[in-house]
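Since the structure comes first, as structure tokens, the remarks are kept for the end.
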Amino acid sequence: MARHDIQSALIIQSSVDMELDIKLRMASALGDIPDPYDMLFVGRHYAEPTEPQVQEMMTFLRQTNSSDPSAQMQRVWAKREFASRKTRVYLSSFPSGISAYAIGRQMARRLHHRLRVRMTVDKHDLDFILADVAMVGLSIAYSMSPSSIAAYTTRHGSDNQLLTHSALHVMSLRQDDPAMLSPYKDWASMWT
């Protein structure tokens, strides 16, 4: 980044799907982030405790009885509303399962030095290091909610994530309907 005078970059993991309107979601998120910031997590596999509306939704899903028809209908509408909520940013606490993030040049420099030691000597993967840097306060990191980029695999029985307007689905490049999936991998059992 420094060599080519790139101010910021969006780094995307391989094998992902993204929201069709990602450009609008990113513009909205970037407009809401207070300066200064170091990273913006655009796609994550797991929920964060500080993410808006997450704790309330988890409590609701755990408390509703899935066998009662009235509760089933409440769950359907609550899940639909949660999935289609407006994109917001929040101060990230411990992002996990990162599939995409935006980073500025200064943070890229700091990470470059840290990565060499943490990946080779400490044997940590990039996902752990990025989460650790955010958690211990070595960076000012925000996350987008809901995630706009999700890991995707064609494996049968995989735990792909919810996307409300999947680019791959619109182009008929994926068979499942990502609008019916859980928003986070750790929610799969309670989302059904």
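The values are calculated or read from the model by the stated rules, or taken from the named source; none is laboratory data. Being a predicted model, the structure only gives us computed values, none of them experimental. Here the Cβ is made from the backbone with ideal geometry for all residues, glycine too, and neighbour counts use every protein chain on show. Please note that ligands, DNA and RNA were not included when accessible areas were found on the heavy atoms of the full protein model with its side chains. Shrake-Rupley method; radii C 1.70, N 1.55, O 1.52, S 1.80 Å.
Residue-wise HN-Hα couplings along segment 44-53, as the Karplus relation 6.51 cos²θ - 1.76 cosθ + 1.60 with θ = phi - 60° gives them from phi, are 9, 8, 10, 6, 10, x, 8, 5, x, 6 Hz; Gly and Pro carry x.
Seen against the Cα atoms of the chain and their longest principal axis, helix 54-63 is set at about 30 degrees. Of interest is the spacing of the C-alpha centroids, which for segment 1-47 and segment 94-172 amounts to 10 Å.
Excluding ligands, DNA and RNA, the accessible surface per residue across segment 64-192 is 54 Å² with a 1.4 Å probe. Taking amide hydrogens as placed 1.01 Å from N in the peptide plane, the amide H of residue 92 sits under 5 Å from those of 141, 142, 143, each at least 5 positions away in sequence or on another chain.
Here the relative contact order of the chain, from alpha carbon pairs under 8 Å that lie six or more residues apart, stands at 35 percent. What shape does segment 119-192 take by its C-alpha gyration tensor, where a ≥ b ≥ c are the square roots of the eigenvalues and a/c under 1.5 counts as rounded, a/b above b/c as prolate, and the rest as oblate? Prolate, because a/c is 1.5 or more and a/b exceeds b/c.
Charge dipole (Cα centre; +1 on Lys/Arg Cβ, -1 on Asp/Glu Cβ; no other charges) of the chain amounts to roughly 360 debye. Derived scalar couplings between HN and Hα for segment 91-102 equal 5, 6, 9, 7, x, 9, x, 6, 10, 6, 8, 9 Hz in order, rounded to whole Hz, by the Karplus curve 6.51 cos²θ - 1.76 cosθ + 1.60 (θ = phi - 60°), x for Gly and Pro.
Shown for segment 1-147: the carbon plus sulfur share of the solvent-accessible area, taken with all protein chains present and a 1.4 angstrom probe, equals 56%. So what's the back-of-envelope 222 nm ellipticity for the chain, counting only DSSP H runs of four-plus at -39500 (n - 2.57) apiece and dividing by all residues, rounded to 500? It comes out at -10500 deg cm²/dmol, rounded to the nearest 500.
Spin-label model, residue 138 to residue 23: label points 7 Å out along the Cα-to-beta-carbon direction sit 3.6 nm apart. Scanning residues 5 or more positions from residue 98 or on other chains, those with amide H under 5 Å from its amide H are 45, with H placed 1.01 Å from N in the peptide plane. Name the shape class, rounded, prolate or oblate, that the alpha-carbon gyration tensor gives for segment 48-93, where a ≥ b ≥ c are the square roots of its eigenvalues, rounded holds for a/c under 1.5, and otherwise prolate holds if a/b is larger than b/c and oblate otherwise. Oblate, since a/c reaches 1.5 and b/c is not below a/b. Which one of 84, 148, 162 is farthest out on the positive end of the charge dipole of segment 79-192, using unit charges on Cβ (Lys, Arg +1; Asp, Glu -1) and the Cα centre as origin? My answer, from the dipole projection, is 148. For residue 64, neighbours were defined as the other residues whose beta-carbon sits under 11 Å from its Cβ, and their charges (Lys and Arg +1, Asp and Glu -1) total +2. Divide the volume of the convex hull around the Cα atoms of segment 33-161 by the residue count and you get 137 Å³ per residue.
Residue farthest toward the positive end of the dipole of segment 1-70, with Cβ of Lys/Arg at +1 and Asp/Glu at -1: which of 53, 63, 43? So the residue we want is 43.
Remark: the residue 67-residue 115 segment gains 12.4 nm on full extension, using 0.36 nm per residue and subtracting the alpha carbon distance.
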